[in-house]
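The values are calculated or read from the model by the stated rules, or taken from the named source; none is laboratory data. Everything numeric in this text was worked out from a predicted model, so none of it was measured. All Cβ positions, glycine included, derive from the backbone under ideal geometry; neighbour counts span all protein chains shown. Surface areas here come from the heavy atoms of the whole protein model, side chains and all, with no ligands, DNA or RNA. Shrake-Rupley method; radii C 1.70, N 1.55, O 1.52, S 1.80 Å.
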Amino acid sequence: MVARLYDSRKKILVTGGAGFLGSHLVDRLLQQGHEVLCADNLFTGTKRNIEHLHSHARFEFIRHDITFPLFVEVDEIYNLACPASPIQYQHDPVQTTKTSVHGAINMLGLAKRLKCRILQASTSEVYGDPAVHPQTEDYWGHVNPIGPRSCYDEGKRCAETLFFDYHRQHALQIKVARIFNTYGPRMHMADGRVVSNFIVQALKGEPITLYGDGNQTRSFCYVDDLIDGLVKLMESPASFTGPVNLGNPTEFTMRELAQLVIAETKSSSKFITQPLPPDDPKQRKPDISLASKHLEWSPKIDLAKGLMPTVAFFRSIVG
Ligand SMILES: NC(=O)c1ccc[n+]([C@@H]2O[C@H](COP(=O)([O-])OP(=O)(O)OC[C@H]3O[C@@H](n4cnc5c(N)ncnc54)[C@H](O)[C@@H]3O)[C@@H](O)[C@H]2O)c1
């Protein structure tokens, strides 16, 4: 990728930049020639995700919890900090809500002071267990406010509210991305997400766990496609705030995913079944018409292709 000219170089804050998506975003922004400040408390992120940037002249890391104010000078903010898988966000649910809500207030306050653009990594979980398929951005969702997933779902919903109130009240330039299931290298190995679970089970030759009958569907977006979408959204005209769905609309059943993983890993693992966890959505699929219209964005990498580097990554870390 061609580096930008110096005069278009920005200083960009990425919260959660040591996490799965954040570290890929940091790589992309550095490739584009920007300076990147990564703020992360390393709750679910790791230094390993950014260790290749250790001596990069335009990269800086600060260990910081975004539930506390941050005073830095930047031109743009991507707010990704938040544990993203049920095992991790349910570990300390109060902190999860604080990260989404206090974290959003702190980052929005920073953006207001700096008069800079800010992008929120929201989630398809704002739709809850949706009653309409596929989900369009004007669907308000079907969310349990008091269940074990609520700290994440309602925290992210409240963060969206704050973004739009700062936009209306303070004319802040905001961008809200509703991210659907994304996978790729640097995913967490043991966070209970289906892609990493299946790959690790297959590589270890352990049985692959299907919940329910294995016919519930999900859509999976490869990380490079998702990062393209986030960057395009940040660079889109000020009038386009989102919320905008970013994800891959092609649906796979859990059983189909398991079969693709078995093929890619050449594993001899068999399937076992377990009951569905509470509040687990049966189906989730983005309608990406808005992203396609306003950002000219759609995913390019299909599941079989994206599984190759993902399996290679897990092969390198599974002992
Ligand atoms: N990966 C997905 O499929 C997906 C889907 C929807 C939304 N998202 C959103 O994208 C963002 C990134 O997700 P991810 O998959 O990379 O998860 P991740 O857990 O790998 O990354 C999150 C990062 O935020 C950091 N963090 C958590 N709490 C923090 C705090 N209080 N202060 C500072 N840093 C904190 C973690 O240490 C980690 O590095 C999250 O906001 C998540 O909700 C991800």
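Some observations on this one:
- Pairing residues of the range 96-112 that are at negative phi with residues that are of a type in the set (Gly, Ala, Ser) and assigned to a helix (DSSP H, G or I), at Cβ distances under 7 Å and at least 6 apart in sequence or on separate chains, gives Thr96/Gly155; Thr97/Gly155; Ser100/Gly155; Ser100/Ala159; Val101/Gly155; Val101/Ala159; Ala104/Ala159.
- Single condition Ile77 does not satisfy, out of (1) assigned to a strand (DSSP E or B); (2) more than 24 Å from Thr123 (Cβ to Cβ); (3) aliphatic (A, V, I, L, M): (2)
- Sub-7 Å Cβ pairs linking a first residue in the range 7-21 that is closer than 14 Å to Arg63 by Cβ and free of Cβ contacts under 8 Å to residues at least 12 places away in the same chain to a second residue that is outside any loop (DSSP other than H, G, I, E, B) and open to solvent by 20 Å² or more (accessible area, probe 1.4 Å), at least 6 apart or interchain, number zero.
- Every residue from the range 34-67 that is in contact with a helix residue (DSSP H, G or I) (Cβ under 8 Å, 6 or more places away or on another chain) and either more than 10 Å from the ligand (Cβ to nearest atom) or open to solvent by 60 Å² or more (accessible area, probe 1.4 Å) (or both): Val36, Phe43, Leu53, His56, Arg58, Phe59, Phe61
- Matching residues, the range 80-111, being over 21 Å from Ile146 (Cα atoms) and assigned to a loop (DSSP other than H, G, I, E, B): Leu80, Ala81
- Leu203 passes every criterion in (1) modelled with pLDDT of 95 or more; (2) under 15 Å from the mean Cα position of the chain (by Cα) apart from (2).
- Cβ-Cβ under 7 Å pairs, at least 6 apart or on other chains, the range 118-145 side farther than 30 Å from Asp75 by Cβ and small (Gly, Ala, Ser), far side open to solvent by 50 Å² or more (accessible area, probe 1.4 Å) and not in a loop (DSSP other than H, G, I, E, B): Gly128/His142; Ala131/His142
- Of residues in the range 68-90 being open to solvent by 60 Å² or more (accessible area, probe 1.4 Å) and within 19 Å of the chain's Cα centre (by Cα), the one nearest to the ligand (Cβ to nearest atom): Ile87
- Candidate set from the range 108-155 (those that are in contact with a helix residue (DSSP H, G or I) (Cβ under 7 Å, 6 or more places away or on another chain) and among the basic types (Lys, Arg)); member that is surrounded by the most Cβ atoms within 10 Å (Cβ to Cβ): Arg149
- Among the residues listed as Leu246, Leu290, the single one being open to solvent by 40 Å² or more (accessible area, probe 1.4 Å) and within 30 Å of Asn144 (Cα to Cα): Leu290
- Answer residue from the range 156-184, given it is among the charged types (D, E, K, R) and more than 13 Å from the ligand (Cβ to nearest atom) and is most open to solvent (accessible area, probe 1.4 Å) among those: Arg168
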